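Q: Just dropping this structure here.
Derivation of every value follows stated rules applied to the coordinates shown; laboratory data play no part. Here the structure is a predicted model, which is why all the values come from computation and not from measurement. Glycine also receives a Cβ, built like all others from the backbone with ideal geometry; neighbour counts cover every protein chain displayed.
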Amino acid sequence: MEFRKKWAKNWEQVKFCGERCRKNKTTDQYESQIMELLQQRGADKTICPSEVLSEVEKQDQVAMEKVRAAARRLVAQGEISIMQKGVRVDPSTARGPIRLKLNPSR
């Protein structure tokens, strides 16, 4: 989800980019799975978003996008970082393979 100027005053409360996203909202299931995997892995380790999904779900692009969206929400909360080639990247511009990492402040 990309920042919109009209959200500037309440960016911290924005959870959905629009009505369509609000209707198709997922539970925090993926967010909790991401956090659990990262905490099990350790502070300096990363995970691939696909590790959250079962073998069958890994083939489902919609499920993968839901995991990536959950990761973006966790980035907005300051919980994790999205990495590419070992470098932190902006979640709204990240394309291609990504890794998820706990923020050092956690």
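Q: Enumerate the amide H contacts of Ile82 below 5 Å, restricted to partners 5 or more residues apart or on another chain; note that Pro and chain-start residues carry no placed amide H.
A: Correct list: Val89.
Q: Still on this structure: Could you give me the ³J(HN,Hα) list for region 43-59, computed from phi with Karplus coefficients 6.51, -1.76, 1.60 and θ = phi - 60°, whole Hz, x at Gly and Pro?
A: 4, 9, 9, 10, 10, 8, x, 5, 5, 6, 8, 6, 4, 5, 5, 4, 7
Q: Given points 7 Å out from each Cα along the Cα-Cβ axis, report the Gln59 to Asp44 separation in nanometres with one decimal.
A: With each label point 7 Å from Cα toward Cβ, the separation is 3.9 nm.
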